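Here is the structure we will look at, set down as structure tokens.
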Amino acid sequence: DKSLPQEAIYLLNWVNSHLTNAKRNPIRNFSSDIKDSTAYTILLNQLAPDKCSLDTLNEKDLVKRAELILKDVEKLNCKHFLTIEDIVK
């Protein structure tokens with residue numbers, strides 16, 4: 001998407017390279033394509049499979065799934081700037 005800032009395009013390409021490595025569909029945006037946490041789950045699993053499981057995808061409730069994503073981020077000792085609400089919106 002040419003309307004995205006250059007940094008967002010780089011990030012989108014980086015995320016999609018990991019999704020492609022996992023044989024998953026790429027995302028087109030950081031809104032509707034990520035609100036189900038699937039891309040986040042796959043990305044975190046690609047980055048740290050020993051700490052971030054794909055089992056998160058078994059959770060049907062999107063709020064609970066987003067909560068699991070943030071817990072995985074904490075396992076990696078990363079600071080997160082998103083809230084559960086940010087993810088599901």
Among 36, 61, 72, the residue with the largest mean-square fluctuation in a Gaussian network model of the chain built from Cα contacts under 10 Å is 61
Run the numbers for residue 75 and residue 32: contour at 0.36 nm per residue of separation, minus the present Cα-Cα distance, in nm. 12.9 nm
When the helices in the chain are scored as -39500 (n - 2.57) per DSSP H run of 4 or longer and the sum is shared across all residues, what 222 nm value do you end up with, to the nearest 500 deg cm²/dmol? -15500 deg cm²/dmol
By the gyration tensor of its Cα atoms, with a ≥ b ≥ c the square roots of the eigenvalues, what is the shape of segment 20-59: rounded for a/c under 1.5, prolate for a/b over b/c, or oblate? oblate
Could you give the angle, 0 to 90 degrees to the nearest 10, between helix 62-75's Cα long axis and the longest principal axis of the Cα atoms of the chain? 90
By its C-alpha gyration tensor, with a ≥ b ≥ c as the square roots of the eigenvalues, how is segment 26-89 shaped: rounded for a/c under 1.5, else prolate for a/b larger than b/c, else oblate? rounded
The answer for the net charge of residues other than residue 51 whose Cβ lies under 11 angstrom from its Cβ, with Lys and Arg +1 and Asp and Glu -1, is -1
Under Karplus coefficients 6.51, -1.76 and 1.60, residue-wise ³J(HN,Hα) of segment 39-56 in Hz, glycine/proline x: 4, 4, 4, 5, 4, 5, 5, 5, 6, 8, x, 6, 10, 10, 8, 6, 4, 3
Fraction of accessible area attributable to carbon and sulfur, the chain (%, probe 1.4 Å): 53
For the chain, with only Lys/Arg (+1) and Asp/Glu (-1) charged at the beta-carbon, what is the dipole magnitude about the Cα centre, in debye rounded to 20? 160
To the nearest 0.05, what FRET efficiency results for residue 3 and residue 54 with a Förster distance of 22 Å applied to their C-beta separation? 0.10
Efficiency of FRET from Cβ geometry, residue 22 and residue 63, R₀ 30 Å, rounded to 0.05: 0.80
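The values are calculated or read from the model by the stated rules, or taken from the named source; none is laboratory data. A quick note: this is a predicted structure, and the numbers were derived from the prediction, not measured. All Cβ positions, even for glycine, are placed from backbone atoms using ideal geometry, and neighbour counts span all protein chains on display. Surface accessibility is based on the protein's heavy atoms, side chains included, excluding ligands, DNA and RNA. Shrake-Rupley method; radii C 1.70, N 1.55, O 1.52, S 1.80 Å.
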